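Note sheet for the following structure.
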Amino acid sequence: MNIGAEYLNVVIERFESVKRLGDRTLSQLSNEDIHWSHHDESNSVAIIVKHMSGNMISRWTDFLTTDGEKESRNRDEEFTDDITSKAELMAIWEKGWSALMKALGELQPDDLLKTVTIRGEKHLVLAAIERQVAHYAYHVGQIVYIGKERKHTDWESLSIPKGQSETYLQQMLNKHRSDNEK
């Protein structure tokens, strides 16, 4: 077993899981919902998506060879809600995730101990990946929270619904018993 290869597989699964939470939330939101914010200093889902995508494109384009904070990135502009439709939002969302997944898919286990820079600061590739897992999970958590607030009783749970923990546990135990018997 190659620990570097296993780590890359695991981290790709983690990013895919975080993206699925975002996808499942975004699918429940209307055009009005994506632009809602609690107050003027709060970010809307549209702004969070723009920021995440801008970060992903900057960090993951030419990941091993250029600074992760590209000169072409205008981070401050990411915090302007100028997205005109949910379709545009989804295109921006997918563009960022595509850049991330392409870069991860090209990494080799030996790359994990190489050094990359972000804003001139050196990081092991492994550390840079972990930094981004935390960053994107944080923002997807914000998106989910806003989605739950906006949809209220119409919210479709992304995990185990309240009051169904024991049923879910039994389903999982039965599934894994069946898997282990095969």
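The values are calculated or read from the model by the stated rules, or taken from the named source; none is laboratory data. These numbers were taken from a predicted model, which means no experiment stands behind them. Cβ atoms come from the backbone with ideal geometry, glycine included; neighbour counts cover every protein chain shown. To get the accessible areas, we keep the full protein, side chains included, count just its heavy atoms, and leave off ligands, DNA and RNA. Shrake-Rupley method; radii C 1.70, N 1.55, O 1.52, S 1.80 Å.
Below is a table of values for the structure above.
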item: Sulfur and carbon atoms: percent of accessible area, the chain [1.4 Å]; result: 51 percent
item: R0 of 25 Å, Cβ-Cβ distance Asp76-Ser159: FRET efficiency to nearest 0.05; result: 0.15
item: Neighbour net charge for Lys19 - beta-carbon separation under 11 angstrom, K R +1, D E -1; result: -1
item: Global form of the chain, assessed from the alpha-carbon gyration tensor, a/c cut-off 1.5; result: oblate
item: Accessible solvent surface per residue of the chain, calculated while the other protein chains remain in place, 1.4 angstrom probe, Å²; result: 60 Å²
item: The chain - percent relative contact order, Cα under 8 Å, separation 6 or more; result: 29 percent
item: Which of Ile83, Tyr7, Leu64, positive extreme of dipole for the chain (C-beta unit charges); result: Tyr7
item: Choice from Asp23, Asp81, Asp154 showing the highest fluctuation, given a GNM over the chain with Cα pairs closer than 10 Å; result: Asp154
item: Helix-derived mean residue ellipticity, 222 nm - over the chain, DSSP H n ≥ 4, -39500 (n - 2.57), to 500; result: -20500 deg cm²/dmol
item: Rounded to the nearest 20 debye, dipole of the chain from Cβ charges on Lys, Arg, Asp, Glu; result: 480 debye
item: Percentage relative contact order, region 77-164, counting C-alpha pairs under 8 Å, at least six apart; result: 11 percent
item: Distance violations [Cα-Cα > 26 Å] among Lys86/Lys175; Lys50/Lys151; Lys19/Lys151; Lys102/Lys151; Lys70/Lys122; Lys148/Lys175; result: Lys86/Lys175; Lys102/Lys151; Lys148/Lys175
item: Peptides ranked, highest mean first, by Cβ atoms within 10 Å: ranges 120-130, 104-114; result: 120-130, 104-114
